[in-house]
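The next block holds one structure in the form of structure tokens; read it before the comments.
The values are calculated or read from the model by the stated rules, or taken from the named source; none is laboratory data. Just so it is clear, the structure is predicted and the values come from calculations on it, not from any experiment. As a convention, Cβ positions derive from the backbone with ideal geometry for all residues, glycine included, and neighbour counts pool all protein chains shown. Accessible surface is based on the protein model in full, side chains and every heavy atom, while ligands, DNA and RNA are left aside. Shrake-Rupley method; radii C 1.70, N 1.55, O 1.52, S 1.80 Å.
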Amino acid sequence: MSKKILGIILTACMLMSLAGCGEEKIISQDYQRGNTHHKYANAVMKTDTGYYYSQGGFGWLSLHYYDAANGKNMFLCNKPECRHEGDEFCVATSEKYMVFDTVLYSNKLYINVIETTDSTYEYKLLRAALDGSALDEVVTYLTVNKVEVTPDTSPMVIHRNKAFLPYNVNNVNNQEIGYSGVAIYDLETEEVTYLGEKEGDLKVKKTNLCGYGDYLYFVTAEKYKQRLCRYSYADGSVEELPLERTFMGDYAIYDDDTIFYVRGNSELFIHNPKTGENKSVNIQEWYGIKTGENSGRSGYEGLVSDGKYLYVAEHGYLKSYSPVFVSEGYMEDGSDLDFMEVNIMDGEGSLVNSFRFNTVEILGCNDFFLLHFCGDTIYMQTSKMMYECNREDFVAGKPEFKEVYPIDIWLP
């Protein structure tokens, strides 16, 4: 064999993968913290060619793809003869798996599911090819005897090649009996570990997960106390961040030096994880002066940051799929539950703008919705359609949402 031919072979192998010929390298990516997802509504899963979405919320597996070039909505299965009816030959549909959540990561779809056998509930992570050619079981991270047990989980987070998979196991007859935990699956080493005890105290749940930098942030929620903690990628250690007392469990990471959080009765604070300093944000300019307007203000209901702005919601939730219904005469003054108020701030906590909206004004109808903050584009996902507008218009309080793609799955 000549040196020239050998050189060509070696070059081909290097291009195929640094790990070895024919193996696809996993691309490390950061969690997109503003791209909110919920058990019913996926995060925005966009590629250069289109959008992916999936059934969730304890529904059967149903993977979909919208081709942006030709406007075609289809099942994510490349078998031309397939009828997509949930049989074992279909890549996109299955009645074998109950789906909780789907995430686009490293050019694959990762799906958090439970498979029910005759005697067990098996918590599994699946992986689907973006061209609809394959669906594989990646790992079974928890197996539970199904006798008198109710399985549950929360949205997963994949950050820098680690998947964090929360779960709960409750007794059918007494929801206070059971355990909770978070499995950690390393996509590179294929190792499964756990964030704390595998069968942790059900009354001390780990919630509100967010990947940022070399850490996975989470809230440890107990009956009378909530703590903000972070898991270190460097050594697997967990530390509690020294926030002010009466932390309410809601936070948003703005940058390396700035974490916004809520304490007490709607007090907004900034924590610097490098110095441990906490400082109060003066919110009187946008919160205090409005309390006398009979606006029915009920405190913060979600903090989200996209790294440029902090978005603070009232009367509607930024981190869940929820309604703001306009119903004439529903409340005495007609103003309490028919709008969401979004307050937009910079990294210092100074007000940029504040405005109210509802889906009737923007879309022409009442509907459930979830907002996603993805850089220069902000998406609104409803039960039937994904919409988008540019961030500049949204921040100015004049969002002009346009249709992106229809959603052909069941959403409540």
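For this structure, a couple of remarks:
- Within segment 65-105, being modelled with pLDDT under 95, part of a strand (DSSP E or B) and among the charged types (D, E, K, R) holds for Glu95, Lys96, Asp101.
- Any chance Tyr254 is open to solvent by 20 Å² or more (accessible area, probe 1.4 Å), among the aromatic types (Phe, Trp, Tyr) and within 23 Å of Thr153 (Cβ to Cβ): no
- Scanning segment 87-103 for residues that are out of contact with any Lys or Arg (no Cβ under 8 Å at 6 or more places or on another chain) and open to solvent by 20 Å² or more (accessible area, probe 1.4 Å) yields Asp87, Glu95, Lys96, Met98, Val103.
- Residue identified as assigned to a loop (DSSP other than H, G, I, E, B), at pLDDT 95 or above and either polar (S, T, N, Q) or open to solvent by less than 10 Å² (accessible area, probe 1.4 Å) (or both) among Thr189, Thr193: Thr189
- Test result for Ser154, polar (S, T, N, Q), closer than 25 Å to Lys96 by Cβ, crowded, with 21+ Cβ neighbours inside 10 Å and touching a residue at least 12 places away in the same chain (Cβ under 8 Å): yes
- Every pair of residues 6+ apart whose Cβ atoms lie under 9 Å, when the first sits in segment 50-74 and is closer than 15 Å to Met386 by Cβ and surrounded by 21 or more Cβ atoms within 10 Å (Cβ to Cβ) while the second is among the basic types (Lys, Arg) and at pLDDT below 95: Gly56/Lys39
- Being open to solvent by 50 Å² or more (accessible area, probe 1.4 Å), charged (D, E, K, R), under 30 Å from Ile259 (Cα atoms) and at pLDDT 95 or above is a property that does not hold for Glu137.
- Subset tally (residues that are of a type in the set (Lys, Arg) and open to solvent by 20 Å² or more (accessible area, probe 1.4 Å)) for segment 104-134: 2
- The test for being over 18 Å from the mean Cα position of the chain (by Cα), closer than 22 Å to Trp410 by Cβ and open to solvent by 60 Å² or more (accessible area, probe 1.4 Å) does not hold for Lys79.
- Answer residue from segment 207-225, given it is more than 18 Å from Val103 (Cβ to Cβ) and either surrounded by fewer than 19 Cβ atoms within 10 Å (Cβ to Cβ) or modelled with pLDDT under 95 (or both) and is nearest to the chain's Cα centre (by Cα) among those: Gly213
- Test: residue in segment 26-44 that is of a type in the set (D, E, K, R) and over 14 Å from the mean Cα position of the chain (by Cα): no
- Residue in segment 210-219 that is in a loop (DSSP other than H, G, I, E, B), closer than 27 Å to Arg127 by Cβ and either touching a Lys or Arg at 6+ places or on another chain (Cβ under 7 Å) or of a type outside the set (Val, Ile, Thr) (or both) present: yes
- Candidates Gly249, Gly236, filtered to the one that is at pLDDT below 95 and either part of a strand (DSSP E or B) or within 27 Å of Val169 (Cβ to Cβ) (or both): Gly249
- Test for Val169: is it assigned to a strand (DSSP E or B), modelled with pLDDT of 90 or more, more than 19 Å from Val204 (Cβ to Cβ) and more than 20 Å from the chain's Cα centre (by Cα): no
- Flag for Met386 being buried (at least 20 other Cβ atoms within 10 Å of the Cβ), within 14 Å of Tyr311 (Cβ to Cβ) and hydrophobic (A, V, I, L, M, F, W, C): no
- In segment 225-267, the residues that are more than 25 Å from Asp30 (Cβ to Cβ) and acidic (Asp, Glu): Glu244, Glu267
- Check on Leu142, assigned to a strand (DSSP E or B) and under 15 Å from Gly56 (Cβ atoms): no
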